[in-house]
Amino acid sequence: MKCGKNFTLGEYVIIKKPDLVEVGDNVRISDFCRISSACKIGSDCEIASGTYISGGDGKYKFAMGDCSSLAAGVKIWLSSNDYVNEPITHSVPNVKEIKGNVTMEKYTGIGTNSVVMPNNHIPEGVSIGALSFVPSNYKFEEWTVYAGRPIRPIKKRNKENVLRVLKNAGRI
């Protein structure tokens, strides 16, 4: 695992493929997280307790931009069964799965107990509220707040204030 300076790893964290994980500076991965996919985590990021990043088998990747966060209990899936068109079992051969990368750009955040399905690109400044469900291939707009099941846009985020606070904190 490649780690930047000031990296904090909580207790009982499981990283199944550490050779596929890269972490920037000033990153904290809290207790009881599980990472079983390829990951690139930027600087000044936090992954709160009980978060799972899973399902990529090394082929698909999760990327998290600088100054971003995953709140407690977030689930990021890089593959999933297709519950509409296929049998719901792992015992049947050749069952089609939904697969793809999940990318979070800079200044993004995902709220507590949200679920992000495979094949999503979350652009700069997007914030996703707690308990939200993000289906595969969702189309986001930069600097917008989303929430719900299913997810929907709520309002624009205050880009100028967010960037000013980060600048004053010496993070950009």
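A simple count of charges around GLY58, restricted to other residues whose Cβ falls under 11 Å of its Cβ and scoring Lys, Arg +1 and Asp, Glu -1, yields +2. So what's the net charge close to GLU86: Lys and Arg +1, Asp and Glu -1, counting the other residues with Cβ under 11 Å from its Cβ? Neighbourhood net charge equals -1. Each of VAL23, ALA147, MET1 was scored by the projection of its Cα onto the charge dipole of the chain, and the greatest displacement toward the positive side belongs to ALA147; charges sit on the C-beta of Lys, Arg, Asp and Glu. Across all directions, the average flat footprint of the convex hull enclosing the Cα atoms of the chain is 10.1 nm². By the helix-only formula, in which each DSSP H run with n ≥ 4 contributes -39500 (n - 2.57) and the sum is divided by residues, the chain has a 222 nm mean residue ellipticity of -1500 deg cm²/dmol.
The value obtained for region 1-103, namely the Cα convex hull volume divided by the number of residues, is 98 Å³ per residue.
Counting only Cα atoms, region 54-136 measures 41, 25, 18 Å along its principal axes, largest extent leading. To put it simply, the accessible area of the chain at a 1.4 Å probe is 49 percent carbon and sulfur. Taking only the alpha-carbon positions of region 108-172 and ignoring solvent, what does the Debye formula give for the base-10 log of I(q)/I(0) at q = 0.12 Å⁻¹? Reported log10 I(q)/I(0), two decimals: -0.31.
For a straight C-alpha distance cut-off of 17 angstrom, the aspartates and glutamates reachable from LYS99 (same-chain residues fewer than eight places away being disregarded) are ASP57, ASP82, GLU86. Per residue, the solvent-accessible area of the chain (1.4 Å probe, heavy atoms of protein chains only, all protein chains present) comes to 53 Å². Other residues within the sphere of radius under 11 Å centred on the Cβ of ASN26, judged by their own Cβ, net out at -1 (K and R +1, D and E -1).
The values are calculated or read from the model by the stated rules, or taken from the named source; none is laboratory data. What you see is a predicted model, and the numbers here were worked out from it, not measured in a lab. Quick reminder, even Gly has a Cβ in these numbers, built from the backbone with ideal geometry, and neighbours come from all protein chains shown. Areas reflect the complete protein model, heavy atoms only, side chains present, ligands, DNA and RNA absent. Shrake-Rupley method; radii C 1.70, N 1.55, O 1.52, S 1.80 Å.
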